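A.B. asks: One structure coming up, written as structure tokens, with questions to follow.
The values are calculated or read from the model by the stated rules, or taken from the named source; none is laboratory data. Note that the structure is predicted; figures quoted are calculated from it, not measured. Here Cβ is always computed from backbone atoms with ideal geometry, including for glycine, and neighbour counts include all displayed protein chains. The protein model used for the area step is the full one, side chains on, heavy atoms only, and it has no ligands, DNA or RNA in it. Shrake-Rupley method; radii C 1.70, N 1.55, O 1.52, S 1.80 Å.
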Number of protein chains: 2
Amino acid sequence: MTEISVSSLGKLFEIANKRQFKKGEFILKPGQVCKTIMFVEEGYLRTFIDKDGTEINTDFTFEGNFTTNLKSLRSASSADNSIQAGEITIIYEFDKDKLLELYNVSAEIESFGRKLLEQLLIAQEEHTNLFKIYSPTERYHYLQTNKPKILQRISLSQLSSYLGIARETLSRIRKK
Amino acid sequence: MTEISVSSLGKLFEIANKRQFKKGEFILKPGQVCKTIMFVEEGYLRTFIDKDGTEINTDFTFEGNFTTNLKSLRSASSADNSIQAGEITIIYEFDKDKLLELYNVSAEIESFGRKLLEQLLIAQEEHTNLFKIYSPTERYHYLQTNKPKILQRISLSQLSSYLGIARETLSRIRKK
DNA sequence: TTTTACTTGTGATAATTGTCACAAAAACTT
DNA sequence: AAGTTTTTGTGACAATTATCACAAGTAAAA
């Protein structure tokens, strides 16, 4: 994946804040300003928005991956979504301002940050294309073959909104 | 938007390659390796993939915006999509290697590059969420109020695949 | 282990969307 | 301007999906 030297990694984790959450605890709530980038060490985070009382999952972040609310982070605007622990979850939080300082000191770290963004963007593009190319049924089958991990860890009812499918429909798709 | 000093902008455009395309000409074809980032000066670019003989539009890039195939660009792998001029289009192309050199010389330009990525990622996330939150009909209405420009410039048949809707359905939605 | 809460399965039905075929309209060509 | 190509509209119908209501199953808690 994205490589980085041991010394830069050390500098990065010097500014990191290790935190632990129980299942259901919130890392970010709507209205708050997101000030950190989170790295999941263990467990997973669920990102969702509330639409008329229904929760719609927009992302799941598993071990070894980063997440944040980029829009809120960039403009210091209030978030419109929630980030919640899906299990007992350990994360490292990187404060935005400290991160920007590090970028000024270390070109390697800035470059690492950029590569991370690139990865996230590519993944997001692929995810969007799922909806354009495939039907609900095909989307499920795509996950089955390309991202089986997510099927193992995320419950059917949580997955359905992530795939833009009604829970009942997903249940029926799965039966076959 | 994303700010940059005049001197950095100058350096950027020193490495730029201005090119003009007629409607329908290809900037990138499947199998090719994407080696540049493109800035649209005039006209627009259509990004699409071929699914069993049908073209599915994944993106439209208008004046003042950047596009590329990030996956191909990053890993020097062959592209699975096409980028085509939707009208007479003038672009500035930035060679990846030259850009990386500039990043090493100018922190401001690297930071500019990062901010650009951030913008693209935020936009992409919002686009994905359209599919999770809204029905086809609602997606169209969302564009109507939030991105009317795209409706003015993109034909119905091109737009339908971008919204994940059948052409006929989109035609009927629009009637109301 | 018994109760309670949450998740999943399922039937019935409505609503929406997709598909096919073709006509109408609009946009380009020559 | 006439002809050609491309885009859009529409009807008819099939297929898929959403919604509602509730039963069954599973997991968590007491």
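A.B. asks: Determine whether B:L28 is under 22 Å from B:I90 (Cα atoms) and over 17 Å from the mean Cα position of the chain (by Cα).
C.D. replies: The answer is no for B:L28.
A.B. asks: Additional query: When you go through (1) crowded, with 19+ Cβ neighbours inside 10 Å; (2) touching a Lys or Arg at 6+ places or on another chain (Cβ under 6 Å) one by one for B:N81, which number turns out not to apply?
C.D. replies: (2)
A.B. asks: Taking region A:147-176, which residues are farther than 22 Å from A:A85 by Cβ and away from chain B (no Cβ under 14 Å)?
C.D. replies: A:P148, A:E168, A:S171, A:R172, A:I173, A:R174, A:K175, A:K176
A.B. asks: Also, I was wondering about something else. Taking only region B:63-78 into account, find how many residues are out of contact with any Lys or Arg (no Cβ under 9 Å at 6 or more places or on another chain) and of a type in the set (S, T, N, Q).
C.D. replies: Of region B:63-78, the ones out of contact with any Lys or Arg (no Cβ under 9 Å at 6 or more places or on another chain) are B:63-67, B:69-71, B:75, B:78.
Now narrow it down to the ones that are of a type in the set (S, T, N, Q): B:65, B:67, B:69, B:75, B:78.
Here the count works out to 5.
A.B. asks: Still on this structure, please answer the following. Only one of B:G64, B:G10 is outside any helix (DSSP H, G or I), among the small types (G, A, S) and either within 25 Å of B:R153 (Cβ to Cβ) or out of contact with any strand residue (DSSP E or B) (no Cβ under 6 Å at 6 or more places or on another chain) (or both). Can you tell me which?
C.D. replies: Result: B:G64 is the single residue among B:G64, B:G10 that is outside any helix (DSSP H, G or I), among the small types (G, A, S) and either within 25 Å of B:R153 (Cβ to Cβ) or out of contact with any strand residue (DSSP E or B) (no Cβ under 6 Å at 6 or more places or on another chain) (or both).
A.B. asks: Looking only at residues in region A:28-58 that are touching a residue at least 60 places away in the same chain (Cβ under 8 Å) and basic (K, R), which one is farthest from A:L156 (Cα to Cα)?
C.D. replies: A:K35
A.B. asks: Next up: How many of the residues in region A:32-53 are within 20 Å of A:D97 (Cα to Cα) and open to solvent by 20 Å² or more (accessible area, probe 1.4 Å)?
C.D. replies: So the answer is 6.
A.B. asks: Can you find a residue that is within 11 Å of another protein chain (Cβ to nearest Cβ) and among the polar types (S, T, N, Q) anywhere in region B:88-105?
C.D. replies: yes
A.B. asks: Which condition number does A:G164 fail, the rest of (1) near DNA strand D (Cβ under 10 Å from one of its atoms); (2) more than 20 Å from the chain's Cα centre (by Cα) being met?
C.D. replies: Failed condition: (2).
A.B. asks: Okay, moving on. Looking at region B:76-101 only, could you name the residues that are free of Cβ contacts under 8 Å to residues at least 60 places away in the same chain, among the aliphatic types (A, V, I, L, M) and touching a strand residue (DSSP E or B) at 6+ places or on another chain (Cβ under 7 Å)?
C.D. replies: Answer for region B:76-101, where residues must be free of Cβ contacts under 8 Å to residues at least 60 places away in the same chain, among the aliphatic types (A, V, I, L, M) and touching a strand residue (DSSP E or B) at 6+ places or on another chain (Cβ under 7 Å): B:A76, B:A79, B:I83.
A.B. asks: Would you mind listing the helices (runs of 4 or more DSSP H) fully within region A:102-176 where at least 3 residues are free of Cβ contacts under 8 Å to residues at least 24 places away in the same chain and open to solvent by less than 20 Å² (accessible area, probe 1.4 Å)? Steps first, answer last, please.
C.D. replies: On the way: elements: A:107-133, A:136-146, A:148-153, A:156-162, A:167-175.
By residue number, A:107-133.
A.B. asks: (1) under 21 Å from A:F48 (Cβ atoms); (2) more than 16 Å from DNA strand D (Cβ to nearest atom): which one isn't true of A:P136, the others all being true?
C.D. replies: Here A:P136 meets the rest and fails (2).
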